[in-house]
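Working notes, beginning with the structure itself.
The values are calculated or read from the model by the stated rules, or taken from the named source; none is laboratory data. No experiment lies behind these values; they were computed from the predicted model shown. We place every Cβ from the backbone using ideal geometry, glycine too, and count neighbours over all the protein chains shown. Heavy atoms of the whole protein, side chains included, go into the accessibility calculation; ligands, DNA and RNA do not. Shrake-Rupley method; radii C 1.70, N 1.55, O 1.52, S 1.80 Å.
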Amino acid sequence: MSTLPTFETPELARMEHIYKTFNKGTVNEVVLFSDFNLSIAKGDFVSVVGSNGSGKTTMLNILCGFTEVDSGKVYLNGRDITGLKEYKRAKFIGRVFQDPAKGTCPSLTILENMALADNKNKSFNLSPGINKKRVDYYRSQLELLKLGLEDKINLQVGSLSGGQRQALALLISTMTPIELLILDEHTAALDPRSSETVMELTQRVVSEKKITTLMVTHNLRYAVEYGNRLLMMHNGGCVIDKAGEEKQNVKVSDLLSVFNEISIECGN
């Protein structure tokens with residue numbers, strides 16, 4: 001893999017001149033990204049919205065290494081990670097998926113799930129999988145969720161509700177130091193009450209741990225209320241990019257207006 005020297009920069013992540021075509025050479029060929037560029041500053045909490053097929057999830061997949069680019073570069077903290085495999089990027093990129101079942105191991109207990117996360121990037125060798133000296137720490141972390149899970153530490157994760165599992169997945173993804181947190185529509189599969197709980201927890205975790213975060217959501221209110229920067233994507237590009245005070249002034253009706261214009265242009 002080609003690399004660049006690491007250097008201090010206020011920029012945390014950068015996608016540079018990204019090209020990506022799916023089903024190339026077939027009747028189903030789709031050019032999604034054509035010279036796509038995006039820079040994310042350290043400490044940013046970026047909310048991303050957009051219609052289906054706009055490129056939101058593919059952008060996340062490229063950052064995480066799940067999807068390879070046809071050409072272009074991906075940088076993280078001054079390092080060229082373009083050719084780095086997904087499992088290696090997972091050492092410094094945390095991801096919470098839409099499906100609560102993907103972020104945890106359902107057949108293991110809450111304690112066992114947390115122990116696995118705690119040992120991320122470490123060698124197990126022949127040592128016990130659970131360090132009993134860390135159990136009190138795990139309980140204290142679970143207390144932060146305010147869901148009573150600290151009293152159910154030996155319960156199988158598969159028996160938890162979707163909201164509880166998603167809250168646990170968020171906690172697990174940030175237990176070890178990471179440079180970037182990816183939230184891939186992490187409230188979409190939850191009921192309204194659980195969604196609100198997980199979003200409040202998200203805000204608390206991101207703020208307390210000062211984690212640079214990229215959140216894709218279909219909930220326009222969440223996009224407006226959370227984060228310091230908002231992107232709206234369409235046809236592999238950004239049609240809205242608001243940060244700071246400009247972002248604070250964005251209303252849900254503003255986003256709906258742009259969605260309606262796009263829909264008319266597309267003949268929908």
#### Entry: Odd one out for Ile62, checked against (1) more than 19 Å from Ile178 (Cα to Cα); (2) of a type in the set (Val, Ile, Thr); (3) modelled with pLDDT of 90 or more
(1)
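Against the condition within 17 Å of the chain's Cα centre (by Cα) and part of a helix (DSSP H, G or I), how does Val205 come out, does it pass? It would help to see each step written out before you state the result.
Working: within 17 Å of the chain's Cα centre (by Cα): yes; part of a helix (DSSP H, G or I): yes.
When the stated conditions are applied, Val205 passes them.
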### Task
Could you list, in sequence order, all residues of the stretch 24-42 that are at pLDDT 95 or above, open to solvent by 30 Å² or more (accessible area, probe 1.4 Å) and either at positive phi or among the aromatic types (Phe, Trp, Tyr) (or both)?
Asp35
### Message
Tell me yes or no: at least one residue of the stretch 100-123 is more than 30 Å from Lys56 (Cβ to Cβ), modelled with pLDDT under 75, open to solvent by 60 Å² or more (accessible area, probe 1.4 Å) and of a type outside the set (D, E, K, R).
### Response
yes
## Note on the structure
Subset of the stretch 218-258, residues under 16 Å from Ile40 (Cα atoms) and of a type in the set (Asp, Glu), comes to Asp241
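Within the stretch 171-194, how many residues turn out to be assigned to a helix (DSSP H, G or I) and either of a type in the set (Val, Ile, Thr) or at pLDDT 95 or above (or both)?
Taking the stretch 171-194 and keeping what is assigned to a helix (DSSP H, G or I), we get 171-173, 192-194.
This time we only want the ones that are either of a type in the set (Val, Ile, Thr) or at pLDDT 95 or above (or both), so: 172.
Selection size over the stretch 171-194: 1.
Condition first: on the phi > 0 side of the Ramachandran plot and in contact (Cβ under 8 Å) with a residue 24 or more places away in the chain. Now tell me which residues in the stretch 213-268 satisfy that.
Gly227, Asn235, Gly236
With of a type in the set (Val, Ile, Thr) and open to solvent by 20 Å² or more (accessible area, probe 1.4 Å) as the only criterion, which of Val46, Val69 stands out?
Details: Val46 fails: open to solvent by 20 Å² or more (accessible area, probe 1.4 Å).
Criteria check complete, one pass: Val69.
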